[in-house]
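Colleague: This is the structure I have questions about; it appears just below.
The values are calculated or read from the model by the stated rules, or taken from the named source; none is laboratory data. Just so we're clear, the structure is a prediction, and the values are computed from it rather than from any experiment. Every residue, glycine as well, gets a Cβ built from its backbone with ideal geometry; the counts of neighbours run over all protein chains shown. Keep in mind that these areas ignore ligands, DNA and RNA; they rest on the heavy atoms of the full protein, side chains included. Shrake-Rupley method; radii C 1.70, N 1.55, O 1.52, S 1.80 Å.
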Amino acid sequence: MAAYNDSQITEMRALLESLDTKKQILLERLIDYHFRTEIAREYANQGVAIRLMGIIYSTCRVFEVLPPEMSEIPTSAQRSEATAHIQAVAFNVYGCFDNLAQIWVSELGIQKPNGQQLGRNEIGFAKKCKTVRSSLPQTLQSTLCELDPWLKHLEDFRQATAHRIPLYIPPFMVSPTKYPLYKDLNTGAYEALARHDFVEFETLIEARNALRHFLPMIATSINDPTNAMFHPQLLADFQTVEKWISLILDHLPTMQV
């Protein structure tokens with residue numbers, strides 16, 4: 001049984017098909033924008049633009065390797081490829097926000113209150129980057145506050161992948177109501193194997209495996225409450241990046257040419 005209903009799949013497929021057109025619009029805006037500083041131009045064209053292409057490529061590959069219509073248990077190779085692409089999206093989405101912050105700081109000449117240059121770790125849109133956040137128009141500050149839980153979630157995933165348990169896709173799931181039977185079948189199967197009763201072993205293993213199902217979830221811990229269904233999450237992450245690229249470009253001072 002697929003993890004999503006027909007309506008959800010149709011909606012996700014429509015969004016997926018729109019990515020290429022949206023990518024072209026965003027790339028044209030980034031490349032054609034007349035930035036005041038060379039640093040901002042570099043972060044836009046070699047930072048955000050390249051990350052954006054990576055986000056879209058990896059998102060499409062995940063939908064190809066593990067389509068949302070999929071109901072069977074995926075192979076290890078399928079999960080490994082999808083995991084690599086999901087990790088790439090997580091890092092590139094986070095990187096896009098840092099790049100956009102660098103563009104904002106460079107174009108507006110944002111400095112510390114004492115006039116010194118901001119350090120690398122002080123340039124971003126996270127709560128800790130107070131100087132940068134306070135330099136945004138009030139409407140953007142309010143919008144960013146609404147994004148704080150998402151930004152923290154993204155940061156937690158990034159930190160976990162870099163320093164603790166990396167993002168992974170559980171190979172299969174077993175319903176809590178079926179787990180006692182699953183455990184009994186597993187125990188019985190290996191008891192049969194110890195008796196060299198290979199027919200019984202195969203029968204019990206088949207019955208055990210029939211209780212498994214696949215859930216397209218990305219996790220850093222099986223018990224983490226922030227684990228997410230990755231198909232809609234990938235699309236939502238792109239839409240957030242798309243929105244903030246436009247917001248930053250819309251609010252930058254226009255260069256006279």
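Colleague: Return the total of residues in the range 41-65 being of a type in the set (A, V, I, L, M, F, W, C), open to solvent by less than 20 Å² (accessible area, probe 1.4 Å) and either closer than 17 Å to VAL241 by Cα or at pLDDT below 95 (or both).
Modeller: The qualifying residues number 6.
Colleague: Restrict the check to the range 11-25 and report whether at least one residue is crowded, with 18+ Cβ neighbours inside 10 Å, farther than 22 Å from LEU215 by Cα and modelled with pLDDT of 95 or more.
Modeller: Yes, that holds for at least one residue.
Colleague: Just one of PRO171, PRO149, PRO166, PRO113 is open to solvent by 80 Å² or more (accessible area, probe 1.4 Å), not in a helix (DSSP H, G or I) and not basic (Lys, Arg); which is it?
Modeller: PRO113
Colleague: Taking PRO68 and the conditions (1) touching a Phe, Trp or Tyr at 6+ places or on another chain (Cβ under 8 Å); (2) open to solvent by 50 Å² or more (accessible area, probe 1.4 Å); (3) assigned to a loop (DSSP other than H, G, I, E, B), which numbered condition does it fall short on, given that it satisfies the others?
Modeller: (2)
Colleague: Residue by residue through the range 110-127, note down the ones that are under 31 Å from the mean Cα position of the chain (by Cα) and of a type in the set (Gly, Ala, Ser).
Modeller: GLY119, GLY124, ALA126
Colleague: Then there is this: May I ask you to verify whether LEU204 is closer than 30 Å to PHE125 by Cβ and modelled with pLDDT of 95 or more? Reasoning before the result, please.
Modeller: Values: closer than 30 Å to PHE125 by Cβ: no; modelled with pLDDT of 95 or more: yes.
No; evaluated as a whole, the condition is false for this residue.
Colleague: I would also like to ask the following. Does ASP156 satisfy the condition of being of a type outside the set (Val, Ile, Thr), over 25 Å from ARG41 (Cα atoms) and either within 16 Å of the chain's Cα centre (by Cα) or part of a helix (DSSP H, G or I) (or both)?
Modeller: Here the answer is yes, as ASP156 does meet what is asked.
Colleague: Search the range 26-40 for residues being in contact (Cβ under 8 Å) with a residue 60 or more places away in the chain and not aromatic (Phe, Trp, Tyr), and hand back the single one that is surrounded by the most Cβ atoms within 10 Å (Cβ to Cβ).
Modeller: Filtering the range 26-40 for residues in contact (Cβ under 8 Å) with a residue 60 or more places away in the chain gives 26, 29-30, 33-37, 39-40.
Those left that are additionally not aromatic (Phe, Trp, Tyr): 26, 29-30, 34, 36-37, 39-40.
On the way: LEU26: 20, ARG29: 15, LEU30: 20, HIS34: 10, ARG36: 16, THR37: 15, ILE39: 14, ALA40: 22.
Applying the filter and picking the extreme gives ALA40.
Colleague: Before we move on, is ARG79 touching a strand residue (DSSP E or B) at 6+ places or on another chain (Cβ under 9 Å), assigned to a helix (DSSP H, G or I) and open to solvent by 20 Å² or more (accessible area, probe 1.4 Å)?
Modeller: Yes; evaluated as a whole, the condition is true for this residue.
Colleague: Related question: Conditions first: (1) outside any helix (DSSP H, G or I); (2) among the small types (Gly, Ala, Ser); (3) modelled with pLDDT of 95 or more. SER221 passes all but one, so which condition is the exception?
Modeller: The failed condition is (3).
Colleague: May I ask you to verify whether LEU185 is modelled with pLDDT of 90 or more, open to solvent by less than 80 Å² (accessible area, probe 1.4 Å), out of contact with any strand residue (DSSP E or B) (no Cβ under 7 Å at 6 or more places or on another chain) and closer than 30 Å to ARG133 by Cα?
Modeller: No; evaluated as a whole, the condition is false for this residue.
Colleague: Scan the range 92-103 and give yes if some residue there is over 21 Å from VAL241 (Cβ atoms) and open to solvent by 40 Å² or more (accessible area, probe 1.4 Å), otherwise no.
Modeller: no
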